[in-house]
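S.K.: First the structure, which I've put down as structure tokens, then a few questions once you've had a look.
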Amino acid sequence: MAIYVNKENADEVSALIEKIDIYGPVPANETERQYYYMAKVRRHVEALTKELGRKPGCCVVTFGCQMNARDSEKLVGILQLVGYDIVETEQTDFVIYNTCTVRDNANQRVYGRLGELKRYKRQNPQMKIALCGCMMQEPAVIEKLQKSYRFVNLIFGTHNIFKFPELLNSMFENNGGMTIDIWKDTDQIVEDLPVERKYPFKSGINIMFGCNNFCTYCIVPYVRGRERSRRPEDIIAEIEALVADGVVEIMLLGQNVNSYGKNLEHPVTFAQLLERVEQIEGLKRIRFMTSHPKDLSDELIDLMAKSKKICRHLHLPLQSGSTRILKAMNRVYTKESYLELAAKIREKIPDMAISTDIIVGFPGETFEDILETIDVVEKVQYDNAFTFIYSRRTGTPAASMAGQVPDDVVKKHFDLVLQKVQEVSRERIRQYEGQTVEVLVEEKNGQDERLMTGRMSNNTLVHFPGTEDLIGKLVMVRLVRCLGFYYMGEQVAKENG
Ligand code: SAH
Ligand code: SF4
Ligand code: F3S
């Protein structure tokens, strides 16, 4: 279970770390070992604080998916405990990029911003820069960084992120040099390390790591390693602690949650895990991400149908509507089996929003294949869909397939799919106009101070006049007007629990 660090217990946890004897032997237990290094790093940060005459700042920038966002919370939890001030600006003493490499544009953004950081570092030579996350698991990236980005101080990957305190210590003891530690894989899951939460009322929780599916376009299995599930006891204990700390909504995270538990000593299905999570008193909403269509069981559909807490939103990535392309992608389902599955869900749970991911421009994809994809979009009536242009990832099977599609053709196909997706989801989202629904209030509206922004169970955003004290609460809101992909509403009752 993770140790959540918040305003109330930060001093207490810090005091415990302060007591660790850093001159004693390095503990053998991995968790204790990392706390030992936190104690050592604290001394380095204290020295830096004296030198600067203020607490040093640290900015963690996250690229990519929810999994990375969660990892960043782990980094921030540790950084706070060792004495950094967490800041938003990259013009500070320590900047960490937690990178993504799922598509090439994610990589390019990192290189672009590193150029900026180099300028900042010239003005502030004691500044430190660290890179971690999925991109670092690619040998070609490391080579490039070693050659042309010597100003980076620390580089580590996804498998050894639990060693962050130890790595920070090496960075401090390596006097401005470049510290690199990348592992090829790991079977370890280290529990009980500190975590910070971005939101007090909602949280992501890893239930599994890695992926075994090897979709032929995808780099994730290479950079996140093999599938491994956390034990249900650890997950439940963590959620209970979160709920006790004010969390009402959780999102269970994994690349393919439907295959959760298969490799545990005592195998458990994802539906069984959900049933146990549902029992946790005080927890109001359960979300999960991502469901692979090939493993979505009837057991899970029935459970979702009767659940009071599982949100009315299912992300069911299609990738392509063409059976031929799906086969080349190694997705293990066909257009027909996907449509059947979606129809079953629509029938058993009519208010379930279904969202999806679509890739346009996979090698060998023709106009006919795109028409198949558009046909699925029309038939399923997605509530939301993320459309991506295929990105060739070195080392994946698709990268060396014949028939790479020219950019101008991809662009034309992409626009066709996007147009259809928007047309369909606009209609789907509108259907709730006039109804009164429960909304979890998340934040003050960025554009208009008088408005609060909340989320419906089906993931649609609602803006309504309200005050900040509503943040983190479930309220009933009447959906007055649908404006494209969100609603304007008005609160109709006081808090709803
Ligand atoms: N595990 C999840 C997806 C994780 S990656 C799943 O299987 O659904 C998130 C999305 O990125 C994928 O659903 C896919 O649509 C997209 N994606 C992955 N690799 C890609 C690539 N090489 N080019 C373009 N999009 C890609
Ligand atoms: Fe990538 Fe496929 Fe695994 Fe999703 S299931 S992470 S798309 S390999
Ligand atoms: Fe990107 Fe890694 Fe997530 S490649 S999408 S951050 S698992």
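The values are calculated or read from the model by the stated rules, or taken from the named source; none is laboratory data. Small disclaimer: the values here were computed from a predicted structure and weren't measured. In this analysis, Cβ positions are derived from the backbone assuming ideal geometry, glycine residues included, and neighbour counts consider all displayed protein chains. Note: areas computed on protein heavy atoms with side chains; ligands, DNA, RNA excluded. Shrake-Rupley method; radii C 1.70, N 1.55, O 1.52, S 1.80 Å.
S.K.: Scanning for something assigned to a helix (DSSP H, G or I) and surrounded by fewer than 21 Cβ atoms within 10 Å (Cβ to Cβ), does segment 57-65 turn up at least one residue?
M.R.: There is no residue in segment 57-65 that is assigned to a helix (DSSP H, G or I) and surrounded by fewer than 21 Cβ atoms within 10 Å (Cβ to Cβ).
S.K.: Inspect segment 267-275 for any residue being open to solvent by 30 Å² or more (accessible area, probe 1.4 Å), under 30 Å from Gln319 (Cα atoms) and within 16 Å of ligand 2 (Cβ to nearest atom) and give the result as yes or no.
M.R.: No, every residue in segment 267-275 fails to be open to solvent by 30 Å² or more (accessible area, probe 1.4 Å), under 30 Å from Gln319 (Cα atoms) and within 16 Å of ligand 2 (Cβ to nearest atom).
S.K.: Residues to consider are Cys132, Cys100; find the one that is modelled with pLDDT of 95 or more and either away from ligand 1 (no atom under 16 Å from the Cβ) or open to solvent by 30 Å² or more (accessible area, probe 1.4 Å) (or both).
M.R.: Cys132
S.K.: Among the residues of segment 189-218, write down those that are over 15 Å from the mean Cα position of the chain (by Cα), open to solvent by less than 30 Å² (accessible area, probe 1.4 Å) and within 16 Å of ligand 2 (Cβ to nearest atom).
M.R.: Residues satisfying the conditions are Asn213, Cys215, Thr216, Tyr217, Cys218.
S.K.: Further question on the same structure: Just to be sure I understand, how many residues within segment 345-371 are away from ligand 1 (no atom under 16 Å from the Cβ) and farther than 30 Å from Leu303 by Cβ?
M.R.: Within segment 345-371, residues that are away from ligand 1 (no atom under 16 Å from the Cβ) and farther than 30 Å from Leu303 by Cβ number 4.
S.K.: Next up: Quickly run through segment 214-246 and pick out the residues that are away from ligand 1 (no atom under 11 Å from the Cβ) and basic (Lys, Arg).
M.R.: Residues satisfying the conditions are Arg226, Arg228, Arg230, Arg231.
S.K.: Identify all residues within segment 145-180 that are touching a residue at least 12 places away in the same chain (Cβ under 8 Å), closer than 25 Å to Arg103 by Cβ and either open to solvent by 20 Å² or more (accessible area, probe 1.4 Å) or not aliphatic (A, V, I, L, M) (or both); write none if there are none.
M.R.: Within segment 145-180, Gln146, Tyr149, Phe156, Gly157, Thr158, His159, Asn160, Ile161, Ile180 meet the criteria.
S.K.: Looking only at residues in segment 114-135 that are outside any strand (DSSP E or B) and within 16 Å of ligand 3 (Cβ to nearest atom), which one is farthest from Phe209 (Cα to Cα)?
M.R.: Met135
S.K.: Sticking with this one: Considering segment 440-470 alone, what residues qualify as being free of Cβ contacts under 8 Å to residues at least 60 places away in the same chain, among the small types (Gly, Ala, Ser) and closer than 26 Å to Ala385 by Cβ?
M.R.: Gly446, Gly454
S.K.: Does Asp85 fit the bill of being open to solvent by 20 Å² or more (accessible area, probe 1.4 Å), within 16 Å of ligand 3 (Cβ to nearest atom) and within 25 Å of the chain's Cα centre (by Cα)?
M.R.: The answer is no for Asp85.
S.K.: How many of the residues in segment 328-360 are open to solvent by 20 Å² or more (accessible area, probe 1.4 Å) and among the polar types (S, T, N, Q)?
M.R.: Total meeting the criteria: 3.
S.K.: Which residues, counting only those in segment 428-437, are crowded, with 17+ Cβ neighbours inside 10 Å and part of a strand (DSSP E or B)?
M.R.: The answer is Val437, and nothing else.
S.K.: Only one residue in Glu73, Glu30, Glu46, Glu90 is at pLDDT 95 or above, open to solvent by less than 60 Å² (accessible area, probe 1.4 Å) and among the acidic types (Asp, Glu). Which one?
M.R.: Glu90
S.K.: A follow-up question, please. Please give the number of the condition Pro221 fails out of (1) buried (at least 21 other Cβ atoms within 10 Å of the Cβ); (2) outside any loop (DSSP other than H, G, I, E, B); (3) within 14 Å of ligand 3 (Cβ to nearest atom).
M.R.: Looking at each condition in turn, Pro221 falls short on (1).
S.K.: Test Arg70 against the criterion of being in contact with a Leu (Cβ under 9 Å, 6 or more places away or on another chain), within 30 Å of Cys211 (Cβ to Cβ) and among the charged types (D, E, K, R), and give yes or no.
M.R.: The answer is yes for Arg70.
S.K.: Cβ-Cβ under 8 Å, sequence separation 6+ or interchain: first residue in segment 367-390 and under 19 Å from Asp407 (Cα atoms), partner open to solvent by 30 Å² or more (accessible area, probe 1.4 Å) and aromatic (Phe, Trp, Tyr). Which pairs?
M.R.: Thr387/Phe414; Ile389/Phe414
S.K.: If Leu461 meets every condition in (1) away from ligand 1 (no atom under 16 Å from the Cβ); (2) open to solvent by 40 Å² or more (accessible area, probe 1.4 Å); (3) out of contact with any Lys or Arg (no Cβ under 8 Å at 6 or more places or on another chain) apart from one, which number is that one?
M.R.: Leu461 satisfies every listed condition except (3).
Table: residues versus (1) touching a helix residue (DSSP H, G or I) at 6+ places or on another chain (Cβ under 6 Å); (2) among the small types (Gly, Ala, Ser).
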position: Met329; (1), (2): no, no
position: Thr334; (1), (2): yes, no
position: Ala353; (1), (2): no, yes
position: Ile370; (1), (2): yes, no
position: Val377; (1), (2): yes, no
position: Phe386; (1), (2): no, no
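S.K.: Go through (1) within 19 Å of Gly254 (Cβ to Cβ); (2) surrounded by 15 or more Cβ atoms within 10 Å (Cβ to Cβ) for Glu299 and report which single condition fails.
M.R.: If we test Glu299 against (1) within 19 Å of Gly254 (Cβ to Cβ); (2) surrounded by 15 or more Cβ atoms within 10 Å (Cβ to Cβ), just (2) comes out false.
S.K.: Look through Val421, Val417, Val409 and report the one residue that is hydrophobic (A, V, I, L, M, F, W, C) and either more than 30 Å from Ile325 (Cα to Cα) or open to solvent by 20 Å² or more (accessible area, probe 1.4 Å) (or both).
M.R.: Only one candidate qualifies: Val409.
S.K.: Next up: What is the number of the single condition among (1) at pLDDT 95 or above; (2) within 16 Å of ligand 1 (Cβ to nearest atom); (3) out of contact with any strand residue (DSSP E or B) (no Cβ under 6 Å at 6 or more places or on another chain); (4) not hydroxyl-bearing (Ser, Thr, Tyr) that Gly395 does not meet?
M.R.: Here Gly395 clears every test but (1).
S.K.: Do the conditions hold for Asn258, that is, is it assigned to a loop (DSSP other than H, G, I, E, B) and of a type outside the set (D, E, K, R)?
M.R.: Here the answer is no, as Asn258 does not meet what is asked.
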